[in-house]
Amino acid sequence: MYMPLMRPDPTFYPSPGMAMQAPPERLAYVALLNVGKNGKRDAIGVIDLDPSSSEYGRLVGQVDFPRGDNELHHFGWNACSACLCPQAPHPHMERRYLIVPGIGSSRIYILDTKPNPKQPKIVKVIEPEEFIRKTGYTSPHTIHCGQDGVYGSALGSASGDGPGGIFLMDANTFELKGQWEQDRGPQQLAYDFWWHLGHDTMVTSEWGTPNMVKNGVNPELLLGGKYGHKLHIWDLDKRRHLQEIDLGAEQQMVLELRPSHDPNKTYGFVGVVISLKDLSSSIWMWYREDGKNGKWGVRKVIDIPAEPADPEKLPPLLQGFKAVPPLVSDINLSLDDRFLYVSCWGTGEFIQYDVSDPANPNKTGSVHLGGIVRRAAHPTKPRQALNGGPQMVELSRDGKRVYFTNSLYSPWDDQFYPDGVKSWMVKLDADLKGGMRLDEKFFVEFDGLRAHQLRLEGGDASSDSYCYSEAQ
């Protein structure tokens, strides 16, 4: 589709430490979801992030999609720093295209950002019939650029049931190359995936099949412990399942994975949405046991309790519990592996933890915005009660700027915020010694669309993986 660069893309970095020296991002790309009743279509919005710009904190571009049924989700770049890895080096690739999946439609859009970064152009659409025929999956969810192509996760099979899994895509032509798994083992449910490239290891997590999640949280499935509660360890090179790690059926919805960025390390963090025992959320650390050839283990390192609440202020789903759960829905890890950021979509709290000692995190910062009960306002509009809460979070490569949006997934938005999520995006300034504060000049509101996943120009803390360490 395009000729590769004759020199390495300047946004690629061999190590996370070098990536932290990258120029500040100037633009953010944000998935904007149609909620089905306003005549609007799904879109990717472009936000100005340059503090010196007269349009700072404003929507400066938007590409509308032909359809509004996609439920756009976790999109990613066609190429990134993994292209520099020695296992399959192709440094002359270009970080240019955004690959945008829709879990509602099973459609994938390819957007070219190069001719006009503020106005990306749709250059290819993979229709659901082609996606299902070539992969056997449905509901593509997450895209990551790998060392040998583009990887994606999908929630289910063609029927909308299990198994879900991983599919492959050519990074040049965007042709689908089929399912990744050679030996699936016991894995059935899917959600996120990430890897330790230097250790030929992939880790995957679990949510639920499309039929389990598309109509909102199913109380019967939830109370029966039927949503995902396991991690899966894979041989990345041989594409086979190695180990299943069960967190326990009470730990429902094991979602976002954030491995250590340093390729010499073998640990990472995963967020659990809700405990059936007490409605708490939690963060778990996975790690390799007994040296290089050992099995992998997991331990809980953070507990975030539910907060007592007046049932009259709760949505019907929660009234009987008389409490609002944190509902941890996204996490992000700084490139130096020092700070972990946690979105509590239910209580409206956004938390920073120092994870320099990953087994013993220390809470170093907290802000509140929105929340099911709290409805905390932004300093820009102190009298405007906000709904939704901290959700998709992205972090600049230097670790100094944090951005998040407030919409989770439209059927679940409507269950937990039945008055309707009015969408917004905010920015925080993070102190590299710990602590953070809201940028009072940055508050983006979206008219009639809901903001979900976001990506930063040139890369961010969850877009790239690295094969070199400063310790080498």
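Values in this text are rule-based calculations from the coordinates and carry no lab data. This structure is a prediction, so every number in the text was calculated from the model and none was measured. Cβ coordinates were reconstructed from backbone atoms using ideal geometry, including for glycine residues, and neighbour counts include every protein chain displayed.
Odds and ends about this structure:
- Backbone HN-Hα couplings from phi across the stretch 393-405 [Karplus 6.51/-1.76/1.60, Hz, Gly and Pro as x]: 10, 9, 10, 5, 5, 7, x, 9, 10, 10, 10, 8, 10
- Of the residues G57, L318, N211, the one whose Cα sits farthest towards the positive end of the charge dipole of the stretch 16-456 is G57 (charges of +1 on Lys and Arg Cβ, -1 on Asp and Glu Cβ, taken about the Cα centre).
- The distance linking the stretch 108-145 with the stretch 368-434 is 27 Å (Cα centroid to Cα centroid, whole angstrom).
- Seen from every direction in turn and averaged, the convex hull around the alpha carbons of the stretch 337-427 projects onto 6.4 nm².
- Net charge, L111 excluded, C-beta distance under 11 Å - Lys, Arg +1, Asp, Glu -1: +4
- 23 Å tail of the calculated P(r), the stretch 376-472, as % of Cα pairs: 34
- Cβ distances below 4.7 Å define possible disulfide partners, and in the chain the cysteines left without one are C83, C344.
- Remark: the stretch 19-35, residue by residue, has Karplus-estimated 3J(HN,Hα) of 5, 5, 8, 5, x, x, 5, 10, 9, 10, 9, 10, 6, 10, 9, 6, 9 Hz, where x stands for each Gly or Pro and the curve is 6.51 cos²θ - 1.76 cosθ + 1.60 at θ = phi - 60°.
- The aspartates and glutamates within cross-link reach of K322, meaning a Cα-to-Cα straight distance under 12 Å and a gap of 8 or more places when in the same chain, are D278, E307, D310, E312.
- Entries in K363/K400; K226/K313; K40/K121 that, when Cα-Cα distance is taken, lie over 22 Å: K226/K313
- Each Lys or Arg adds one and each Asp or Glu takes one away; over the other residues whose Cβ falls under 11 Å from the Cβ of H90, this sums to -3.
- Residues E349, E445, E289, E94 arranged by fewest to most Cβ contacts within 10 Å: E289, E445, E94, E349
- For the stretch 140-285, diffusion coefficient by Stokes-Einstein and Kirkwood Rh (Cα), 4 °C, 1.567 mPa s, µm²/s: 83
- The Cα atoms of the stretch 208-275 define a convex hull whose projected area, averaged across directions, is 5.7 nm².
- Exposure rule at most 13 other beta-carbon atoms within 10 Å, DSSP loop trypsin sites (Lys or Arg not before Pro): the chain longest free segment: 59-237
- Debye, to nearest 20: dipole size of the chain, +1 on Lys, Arg Cβ, -1 on Asp, Glu Cβ: 500
- Between the entries (i) 4, 15, 21, 24, 21, 10, 3, 1, 1, 0, 0; (ii) 4, 19, 29, 26, 14, 6, 1, 0; (iii) 4, 22, 35, 29, 10, 1, 0, the label attached to P(r) over Cα pairs in 10 Å bins from 0, in percent calculated for this structure is (iii).
- Cα-based reach from K265 at 14 Å (exclusive), listing aspartates and glutamates while leaving out same-chain residues under 8 positions away: D200, E289, D290, D336, D337, D357, E470
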